[in-house]
Amino acid sequence: MATQQEILSGLAEIVNEVAGVPADDVQLEKSFVDDLDIDSLSMVEVVVAAEERFGVKIPDDDVKGLRTVGDAVSYIEKAGG
Amino acid sequence: MQEEDADVGAHNDRTDVVVTGLGAFSPLGGDVPTTWEAMLAGRSGVRALTEPWVTDLDLPVRIAATTAVDPLDVLDRVEARKLDRTEQLALLAAREAWADAGSPQVDPERLGVVVASGIGGALTLLGQWDVLREKGARRVSPHSIPMLMPNGPAAYVGLELQARAGVHTPVSACASGAEAVSYGTRMIRDGRADVVVVGGTEACLHPLPLAAFAAMMALSKRNDEPERASRPYDKGRDGFVFGEGAGILVLESAEHAAARGARVYAHVAGQGITSDGHHIAQPDPEGRGAIRAIRFALDDAGAAPADIVHVNAHATSTPQGDVAEAVAIRAALGDAADTAAVSATKSMTGHLLGAAGAIESIAAVLALHQRIAPPTINLDDPDDEVHLDVVSGAPRRLPDGTIHALNNSFGFGGHNVALVFRSAQ
């Protein structure tokens, strides 16, 4: 089980890889679309990379609920990542 | 006969189209100046392939003309990962062409894009098939479709420039790039746009397309002498050399170009398109479709055969194709074929497939602009059946005054495109 901090820094690495956003800018309160400029296609990449990294499943229907980085961190934490 | 009725200035009522910007990403260089300098110097862009799959898969062809510069060394990493290689090359060439044109101020609704590709995003299609089989459906990239669709390069260039007059992708195999120049010219003449960014891109160096072209007996197998493999009009020619690259031209109405004081490289004076109705991959041995295309282009340009001082030939270095085109050029130009300086620049660039007509349009435009025809290399033993004045050994000076150049492109499927350019002065 990863800590919240480990999940956040893992997500930050993924977002940097996919979208070029500096890892330090990936904060809990940031919105993927509005703040980090991640479009729907890139969001799919982020989700798939997160599933692999944290060993969780994030069904497509649940992706819509992941508005902020904090939403994703909580989801992965609860899913046992 | 139509070409005898035509005279210069016969189309005074029509919108004049000029070339104001050039961009290239080719086996000879990462931009137009480097590519053109290499062409005039007679350098070959063909190399021996060292990728492990060449030997692992026992490919009969082990040479290709790959881009002189790796696009990944130039593009931003994050941008590049969403782009197929065809899109990367097209964007880089388009950026150069747009800057070269002076980044024209144009109403987006009067700006068009026509960027062709013969094959499309084959590297993405084949690469993602490997991902699917090895890692599963979930891992297939969500960018796959925008990367593999043949209109992807045109769409990305259009997005970057915010072009809203129309974005198009003609597909006619190895005539695609020339067809894009024709299409863009007609967009301006038809009043749909003031500026159109046109050209072609191709990048499918992968064992499957290479094996498939080899299976057609279309490729040179001169594996031990890569730089001597592409040898149009030479008796020892044995097929074309598989190439990749992109060429982009900025076309503009003469009025729009003059209003902003733009430099004019040349006029797109005429274009002619026909189809053979003969065979899916073999040229009509009498070149009838090619002859008609050249005649249409001359007529459209209001030019007589004797006005053509330079020909950038399709001349891919195949045994049949080079002769069929030579017959067509002679039939269409008549006695003028005795003196027109013919250059086969594929001897240096290899065959850029859907980008060939674009790169060769750039070469023809620069030949007019600088009044110098590039050489044809590797012409050691000229074919007796080719009755043309081929420029070989060194570049040749072109005459002063108003001069015209012809650029031919032909594609599998029986596509024939002829373009006639006229010097700016």
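Mean separation of Cα pairs under 8 Å and 6 or more residues apart, divided by the residue count, gives chain B a relative contact order of 24 percent.
Take the alpha carbon gyration tensor of chain B, find the square roots of its eigenvalues, order them as a ≥ b ≥ c, and report rounded if a/c is under 1.5; if not, report prolate when a/b exceeds b/c, else oblate. Provide the component values of the computation, followed by the final result.
On the way: a/c = 1.70, a/b = 1.15, b/c = 1.49.
Oblate, because a/c is 1.5 or more while a/b does not exceed b/c.
For B:D224 and B:D400, what is the calculated FRET efficiency with R₀ set at 35 Å and r taken between the beta-carbons, to the nearest 0.05? According to the calculation, E is roughly 0.20. Determine the shape class of the protein assembly as shown: with a ≥ b ≥ c the square roots of the Cα gyration tensor eigenvalues, call it rounded for a/c under 1.5, and otherwise prolate if a/b is greater than b/c, oblate otherwise. It comes out prolate by the Cα gyration axes.
Computed over region B:1-136, relative contact order equals 27 percent, with contacts defined as Cα pairs under 8 Å that lie 6+ residues apart.
Each peptide among B:297-305, B:121-129, B:179-187, B:359-367 gets the average number of other Cβ atoms lying within 10 Å of its residues, and from highest to lowest they stand as B:359-367, B:179-187, B:297-305, B:121-129.
Quick one: grab the alpha carbon gyration tensor of region B:176-236, order the square roots of its eigenvalues as a ≥ b ≥ c, and give me rounded if a/c is under 1.5, else prolate or oblate depending on whether a/b is larger than b/c. Don't skip to the answer; put the middle values down first.
On the way: a/c = 3.57, a/b = 2.39, b/c = 1.49.
Here region B:176-236 falls in the prolate category.
Rounded to the nearest 20, the size of the Cβ-charge dipole of region B:1-146 about its Cα centre is 1060 debye, with Lys and Arg at +1 and Asp and Glu at -1.
Extension gain for B:D13 to B:R47 (0.36 nm times residue separation, less C-alpha to C-alpha distance): 7.4 nm. Once the Kirkwood radius over Cα pairs is known for region B:14-102, the Stokes-Einstein relation at 37 °C and 0.692 mPa s delivers a diffusion coefficient of 218 µm²/s.
Each DSSP beta bridge with both residues in chain B is either parallel or antiparallel, and the antiparallel ones are about 65%.
Within a Cβ distance under 12 Å of B:L91, other residues only, what is the Lys/Arg minus Asp/Glu net charge?
Result for the neighbourhood of B:L91: -3.
When each of the peptides B:369-378, B:251-260 is scored by the mean number of other C-beta atoms lying within 10 Å of its residues, the order from highest to lowest reads B:369-378, B:251-260. Database remark: amide H of B:V114 closer than 5 angstrom to the amide H of B:H168, B:V197, B:V198, B:G199 (H placed geometrically; neighbours at sequence offset of 5 or more, or on other chains; Pro and chain starts carry no H).
Rounded to whole numbers, the Karplus 3J(HN,Hα) couplings from phi for region B:406-411 are 10, 10, 9, 9, 10, x Hz, using 6.51 cos²θ - 1.76 cosθ + 1.60 with θ = phi - 60°, and x at Gly and Pro. Taking amide hydrogens as placed 1.01 Å from N in the peptide plane, the amide H of B:A341 sits under 5 Å from those of B:H310, B:V311, each at least 5 positions away in sequence or on another chain. Averaged over peptide A:38-45, the number of partner chain Cβ atoms lying within 10 Å of each residue's Cβ comes to 3. Residues in region B:311-328 carry Karplus couplings, in order, of 10, 8, 7, 5, 4, 8, 5, 8, x, 7, x, 4, 6, 4, 5, 4, 4, 5 Hz; the curve used is 6.51 cos²θ - 1.76 cosθ + 1.60 with θ = phi - 60°, and Gly or Pro positions show x. With the convex hull constructed from alpha-carbon coordinates only, region B:106-157 shows a mean projected area of 4.2 nm² over all directions.
Helix content alone sets the calculated 222 nm mean residue ellipticity of chain B: runs of n ≥ 4 DSSP H residues at -39500 (n - 2.57) each, divided across all residues, give -10000 deg cm²/dmol. Amide H contacts of B:S392 (H built 1.01 Å from N, in plane; Pro and chain starts excluded): B:T376 sit under 5 Å, all sequence-distant by 5 or more or on other chains. Residue-normalised convex hull volume from the C-alpha trace of region B:138-260: 168 Å³ per residue. Basic side chains Lys and Arg get +1 at the Cβ, acidic Asp and Glu get -1 at the Cβ, and with that the dipole of region B:169-261 about its Cα centre reaches some 200 debye. Using +1 at the Cβ of each Lys and Arg and -1 at the Cβ of each Asp and Glu in the protein assembly as shown, identify which of B:A65, A:F32, B:H369 lies farthest towards the dipole's positive end. Going by the Cα projections, it comes out as B:A65. For the protein assembly as shown, the number of Lys pairs separated by eight or more positions or lying on different chains, with C-alpha atoms closer than 25 Å, is 14. Only Lys, Arg, Asp and Glu carry charge here, each on its Cβ (+1 for the first two, -1 for the last two); on that basis the protein assembly as shown has a dipole of about 260 debye about its Cα centre. Among the DSSP helices (H) of chain A, those spanning at least 20 angstrom by Cα along their long axis with an average Kyte-Doolittle hydropathy of -0.5 or more are A:4-19, A:40-54; this is a geometric and hydropathy rule only. Computed 3J(HN,Hα) for region B:300-308, one whole-Hz value per residue from the Karplus formula 6.51 cos²θ - 1.76 cosθ + 1.60 where θ = phi - 60°, is 4, 7, x, 10, 8, x, 5, 6, 7, glycine and proline marked x. Each other residue within a Cβ distance under 14 Å of A:I7 adds +1 if Lys or Arg and -1 if Asp or Glu, for a net charge of -4. B:K82 sits among other residues whose Cβ lies under 11 Å from its own Cβ, and their net charge, with Lys and Arg +1 and Asp and Glu -1, is -4. Comparing B:G30, B:A80, B:L91 along the charge dipole axis of region B:27-108, the residue lying farthest to the positive side is B:G30, per the Cβ-charge model.
A short reminder: the numbers here are calculations on the coordinates, not readings from a lab. Just so it is clear, the model here is predicted, and its values are computed rather than measured. Positions of Cβ are generated from backbone atoms using ideal geometry, with glycine treated the same way; all protein chains shown enter the neighbour counts.
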